[in-house]
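Colleague: Right, I'll just put the structure down here and ask away after.
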Amino acid sequence: MQPHAQGKTNKQRATPYPSLTVEEFTHVADNIDLFRAGCDWIRSYLAQPHPQLGRAGNVCPFVAPALAKDSLRIAVVRLSSIGDKRTQIVNAVKLHCNAFLSLVTPGETHILHATLVLFPDVSSEEAPDLIDCTKEELKASFIEQGLMLGEFHPRNESPGLHNPTFMPLRSPVPMLVIRRMVATDFVFLDRSEYDNVTRLRYLETYLRVSCIPDSTSRKEVERTAASLRAELKNSTSQDRDPLESSEVTYRERQHPNHPTPIKCPHTGFSH
């Protein structure tokens, strides 16, 4: 986890921690309580079971192995009082997305990398608008890059998959989390509130980038995508003018006693 809260673990690293510039260290020092709060929340909540989760295992099954690989990063973004908060958040997330994509992630470790971008200057009251709406604005572009963007804040109302009364995406500090798409993410992409065009685009991207093996889950997604393609093709065909869909070419002619032009078959002969 970077930057590290020294003294929280006794684990000895094979390599030294990377150096920080004076400005970077000053930023960490000025916001050390937020970095610590983020680390504590990851270890005490995400990497632990929860009685209301509705299934066995930790709240997030990837966090414990990610901690073991030290592949989680935390960023604290302070917002300026000058300028639109939403624009600042969008720009910050895009910046951290580019940095995330530039990480060297060999082998299977790449799915364990994530960046938690904390926004402590977003109040609980502002979070549903600033955090949730930013997530929705950037979601499509993230999915098309094989990434997922998760929204966490104290008032998050997204229900758990296994217990609709449990809100697993609540956090003490508003944040957006950048991570790689994984096999189980298809449940977040094939949602009833999306139109069929969006669902198909998301599922086709999932099949292309999620690197899931030939499994029951993959076959299920492929069947759903095929069904959506057929449904869209059929609806497009029904919406077309039956005369235009015919192989016969037609020419519009104006009849003196009819206000609307009439489509007549074009035979190639002049009248």
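The values are calculated or read from the model by the stated rules, or taken from the named source; none is laboratory data. Computed from a prediction, not measured in an experiment: that's the story for all the values here. Every residue, glycine as well, gets a Cβ built from its backbone with ideal geometry; the counts of neighbours run over all protein chains shown.
Colleague: Quick one: is Ser123 of a type in the set (Ser, Thr, Tyr), within 22 Å of Ile32 (Cα to Cα), out of contact with any His (no Cβ under 8 Å at 6 or more places or on another chain) and at pLDDT 95 or above?
Modeller: Details: of a type in the set (Ser, Thr, Tyr): yes; within 22 Å of Ile32 (Cα to Cα): yes; out of contact with any His (no Cβ under 8 Å at 6 or more places or on another chain): yes; at pLDDT 95 or above: yes.
Criteria met by Ser123.
Colleague: Another question, if that's okay. Here are some residues: Leu138, Leu207. Which one is on the phi < 0 side of the Ramachandran plot and at pLDDT 90 or above?
Modeller: Numbers: Leu207 fails: at pLDDT 90 or above.
The match here is Leu138.
Colleague: Hey, another quick one. Determine whether Glu137 is farther than 26 Å from His50 by Cβ and not assigned by TED's automatic domain parsing to the domain that holds Val90. Explain how you work it out, then say what you get.
Modeller: Details: farther than 26 Å from His50 by Cβ: yes; not assigned by TED's automatic domain parsing to the domain that holds Val90: no.
Considered against the rule, which asks whether it is farther than 26 Å from His50 by Cβ and not assigned by TED's automatic domain parsing to the domain that holds Val90, Glu137 comes out as no.
Colleague: Evaluate the following for Leu130: is it over 14 Å from Ala75 (Cα atoms), of a type in the set (A, V, I, L, M, F, W, C) and not in a helix (DSSP H, G or I)?
Modeller: Details: over 14 Å from Ala75 (Cα atoms): yes; of a type in the set (A, V, I, L, M, F, W, C): yes; not in a helix (DSSP H, G or I): no.
No: the conditions fail for Leu130.
Colleague: Limited to segment 43-87, what total is found for residues that are free of Cβ contacts under 8 Å to residues at least 12 places away in the same chain, over 23 Å from Thr184 (Cβ atoms) and not in a helix (DSSP H, G or I)?
Modeller: The qualifying residues number 5.
Colleague: Now for a separate question. Within segment 21-42, which residues are in a loop (DSSP other than H, G, I, E, B) and loosely packed, with under 13 Cβ neighbours inside 10 Å? Step through it out loud before you land on a result.
Modeller: Restricting attention to segment 21-42, the residues satisfying the condition of being in a loop (DSSP other than H, G, I, E, B) are 21, 31.
Once the filter is applied, which keeps residues that are in a loop (DSSP other than H, G, I, E, B) and loosely packed, with under 13 Cβ neighbours inside 10 Å, segment 21-42 yields only Thr21.
Colleague: So, one more: Checking Glu157 against (1) out of contact with any helix residue (DSSP H, G or I) (no Cβ under 7 Å at 6 or more places or on another chain); (2) modelled with pLDDT under 85; (3) part of a loop (DSSP other than H, G, I, E, B): exactly one of these is not met. Which one?
Modeller: (2)
Colleague: Here is a list: Val197, Val173, Val209. Which entry is farther than 25 Å from Arg55 by Cβ and buried (at least 16 other Cβ atoms within 10 Å of the Cβ)? Walk me through how you get there before you give the answer.
Modeller: Numbers: Val197 fails: buried (at least 16 other Cβ atoms within 10 Å of the Cβ); Val209 fails: buried (at least 16 other Cβ atoms within 10 Å of the Cβ).
Val173 is the lone residue from the list that is farther than 25 Å from Arg55 by Cβ and buried (at least 16 other Cβ atoms within 10 Å of the Cβ).
Colleague: Taking segment 173-190, which residues are out of contact with any His (no Cβ under 9 Å at 6 or more places or on another chain) and touching a residue at least 40 places away in the same chain (Cβ under 8 Å)? Quick ask: steps written out before the conclusion?
Modeller: As a first pass, look at segment 173-190 and keep what is out of contact with any His (no Cβ under 9 Å at 6 or more places or on another chain): 177, 181-190.
Those that are out of contact with any His (no Cβ under 9 Å at 6 or more places or on another chain) and touching a residue at least 40 places away in the same chain (Cβ under 8 Å): Val177, Val182, Phe188, Leu189.
Listed here are the residues, each with its yes/no results for (1) assigned by TED's automatic domain parsing to the domain that holds Pro174; (2) under 17 Å from the mean Cα position of the chain (by Cα); (3) at pLDDT 95 or above; (4) buried (at least 18 other Cβ atoms within 10 Å of the Cβ).
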{"site": "Ile74", "(1), (2), (3), (4)": "yes, no, yes, yes"}
{"site": "Ser80", "(1), (2), (3), (4)": "yes, no, no, no"}
{"site": "Gln88", "(1), (2), (3), (4)": "yes, no, yes, yes"}
{"site": "Lys94", "(1), (2), (3), (4)": "yes, yes, yes, no"}
{"site": "Ser102", "(1), (2), (3), (4)": "yes, no, no, no"}
{"site": "Glu108", "(1), (2), (3), (4)": "yes, no, no, no"}
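Colleague: Tell me yes or no: at least one residue of segment 217-228 is at pLDDT below 85 and under 16 Å from the mean Cα position of the chain (by Cα).
Modeller: No, segment 217-228 contains no residue that is at pLDDT below 85 and under 16 Å from the mean Cα position of the chain (by Cα).
Colleague: Turning to a different aspect of this structure: Do any residues in segment 153-165 that are in contact (Cβ under 8 Å) with a residue 40 or more places away in the chain have Cβ atoms under 7 Å from those of residues that are β-branched (Val, Ile, Thr), where the two are at least six apart or on different chains, and which pairs are they?
Modeller: So the pair list comes out as Leu161/Val187.
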